[in-house]
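Trainee: Here it is, the structure, as structure tokens.
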Amino acid sequence: MCENCFLKGISGFATWQVYESVSKVIQAKRAAGQLVVTANPTLNSLVNNFMAVDAYYQCSSCQEIWGLSSPDNAWRGYFLPIKRAVIYMQRVKNLDRAKGIAGLMLVAVVLILTLWKMLK
Ligand SMILES: [Zn+2]
């Protein structure tokens, strides 16, 4: 992160318009040579799927590699340095898992209550 690339990332675009304006800034910085499109830094397709990254950009000044994940329906996407993107994705996946477990527990409670009423 530096003045040349970006001073902060975005964990989830609030709206499509925010994503589009960030996209435009990225394109302008690419045109100016401040950002360069780079390959998946890990060269690992599993990591690529996990990260949901559409494009990687490297800063020509600080060498930071940024990942851009575009929003898609419920997915809000992000634009973050890769190291922070990994942490962000882990947090998102853990939250999804917690929601899944909470949903299963709710189903179990409803089942138990239904059975209990039937046996009464
Ligand atoms: Zn930079």
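FYI, it's all coordinate maths here, none of it is from the lab. Given the structure is predicted, the values throughout are model-derived calculations rather than measurements. Cβ atoms come from the backbone with ideal geometry, glycine included; neighbour counts cover every protein chain shown.
Trainee: Once the Cα atoms of helix 16-31 and of the chain are each reduced to a long axis, what angle between those two axes, in degrees from 0 to 90 to the nearest 10, is obtained?
Mentor: Rounded to the nearest ten degrees, it is 30.
Trainee: Quick one: among Ala32, Ala52, Ala74, which has the greatest mean-square fluctuation in a GNM of the chain with alpha-carbon springs under 10 angstrom?
Mentor: Ala74
Trainee: Here is a further query. Name the aspartates and glutamates eligible as straight-distance cross-link partners of Lys29: C-alpha to C-alpha under 13 Å, and not fewer than 8 places from it in the same chain.
Mentor: Glu3
Trainee: Rounded to the nearest 10 degrees, what's the angle between the helix 82-119 long axis and the longest principal axis of the chain, both from Cα atoms, 0 to 90?
Mentor: 10
Trainee: Okay, next question. Once you order the gyration tensor axes a ≥ b ≥ c over the Cα atoms, which shape class does the range 16-119 get: rounded for a/c under 1.5, otherwise prolate or oblate by comparing a/b with b/c?
Mentor: Judged from the Cα gyration tensor, the range 16-119 comes out prolate (a/c at least 1.5, a/b above b/c).
Trainee: Still on this model: Please arrange Val109, Val18 by how many other C-beta atoms lie within 10 Å of their C-beta, fewest to most.
Mentor: Going from least to most buried by this count: Val109, Val18.
Trainee: Take the chain, connect every pair of alpha-carbon atoms lying under 10 Å apart with a spring to form a Gaussian network, then pick out the residue of Leu95, Leu106, Leu35 with the largest mean-square fluctuation.
Mentor: Leu106
Trainee: Go through the range 1-91 and name the trypsin sites (Lys or Arg not before Pro) that are in a DSSP coil and have 11 or fewer other Cβ atoms within 10 Å of their Cβ.
Mentor: Listed in order of number, the matching sites are Lys8.
Trainee: Would you mind working out the magnitude of the charge dipole of the chain relative to its Cα centre, with +1 at each Lys and Arg C-beta and -1 at each Asp and Glu C-beta, to the nearest 20 Debye?
Mentor: Rounded to the nearest 20 debye, it is 500 debye.
Trainee: Nearest 500 deg cm²/dmol is fine: what mean residue ellipticity at 222 nm does the chain get from its DSSP H runs of n ≥ 4 alone, each adding -39,500 (n - 2.57), divided by its residue count?
Mentor: -17500 deg cm²/dmol
Trainee: Normalised by the residues of the chain, what does the relative contact order come to in percent, with Cα pairs under 8 Å and at least six apart?
Mentor: So the answer I get is 24 percent.
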